[in-house]
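Q: Have a look at the structure that comes next, please.
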Amino acid sequence: MPHGKLPIITTPTGGSVEIVTSVSQPGFNPLDLIYASVAACMALSARIAATKLELREKLTDVRVEVKGDKAHEGPSRIERFDITFHFDGDLTADEKHRLAEMAEEICTVSNTLRGDPKFDLKVS
């Protein structure tokens, strides 16, 4: 990669994104991608939860905000995720809480981050 050129990541499904190297640059840096992955997974999982809880007709929209705190000691990592659900529709507070809790149980990304996934590194 030539000096000054930003890396472009391409997914197996054909999506691609240019990665920025500074939090002050517009675009996605690696931590932004983790936050976006958690947010997207939680939002999609909330829709699945709404169907399972027979609340899909009442839910008009769901948005999820994710922020994090980096650990101050030890290896560089995110120590805590702060996740906020915004539900639109004719839902009670209890229904919103049930949707958020079930979304958290369903979400593959959050389940992976909570687990201890193995990394199989290869060099080509």
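Q: Gly68 is checked against (1) without any contact (Cβ under 8 Å) to a residue 60 or more places away in the chain; (2) surrounded by 13 or more Cβ atoms within 10 Å (Cβ to Cβ); (3) part of a helix (DSSP H, G or I) and fails just one. What number does that condition carry?
A: Condition not satisfied by Gly68: (3).
Q: Just give me the residues in region 81-96 being of a type outside the set (Asp, Glu) and loosely packed, with under 10 Cβ neighbours inside 10 Å, in sequence order.
A: If the condition is that a residue be of a type outside the set (Asp, Glu) and loosely packed, with under 10 Cβ neighbours inside 10 Å, then Ala93 is the only one that fits.
Q: Could I ask something else about it? With respect to Leu59, determine if the residue is over 19 Å from Gly115 (Cα atoms) and surrounded by fewer than 18 Cβ atoms within 10 Å (Cβ to Cβ).
A: No: the conditions fail for Leu59.
Q: Here is a follow-up. Test Val38 against the stated conditions and say whether it is closer than 26 Å to Ile8 by Cα, aliphatic (A, V, I, L, M) and in a strand (DSSP E or B).
A: no
Q: Can you give me the number of residues within region 1-41 that are of a type in the set (S, T, N, Q), under 16 Å from Lys67 (Cβ atoms) and either touching a residue at least 24 places away in the same chain (Cβ under 8 Å) or surrounded by fewer than 10 Cβ atoms within 10 Å (Cβ to Cβ) (or both)?
A: Residues flagged as of a type in the set (S, T, N, Q), under 16 Å from Lys67 (Cβ atoms) and either touching a residue at least 24 places away in the same chain (Cβ under 8 Å) or surrounded by fewer than 10 Cβ atoms within 10 Å (Cβ to Cβ) (or both) within region 1-41 amount to 1.
Q: If the requirement is being surrounded by fewer than 17 Cβ atoms within 10 Å (Cβ to Cβ), of a type in the set (A, V, I, L, M, F, W, C) and either at pLDDT below 95 or not in a loop (DSSP other than H, G, I, E, B) (or both), which of these qualifies: Leu99, Leu113?
A: Sole residue among the options that is surrounded by fewer than 17 Cβ atoms within 10 Å (Cβ to Cβ), of a type in the set (A, V, I, L, M, F, W, C) and either at pLDDT below 95 or not in a loop (DSSP other than H, G, I, E, B) (or both): Leu113.
The values are calculated or read from the model by the stated rules, or taken from the named source; none is laboratory data. Not measured: the values here are computed from a predicted model. Note that we place each Cβ from the backbone using ideal geometry, even for glycine, and neighbour counts take in every protein chain shown.
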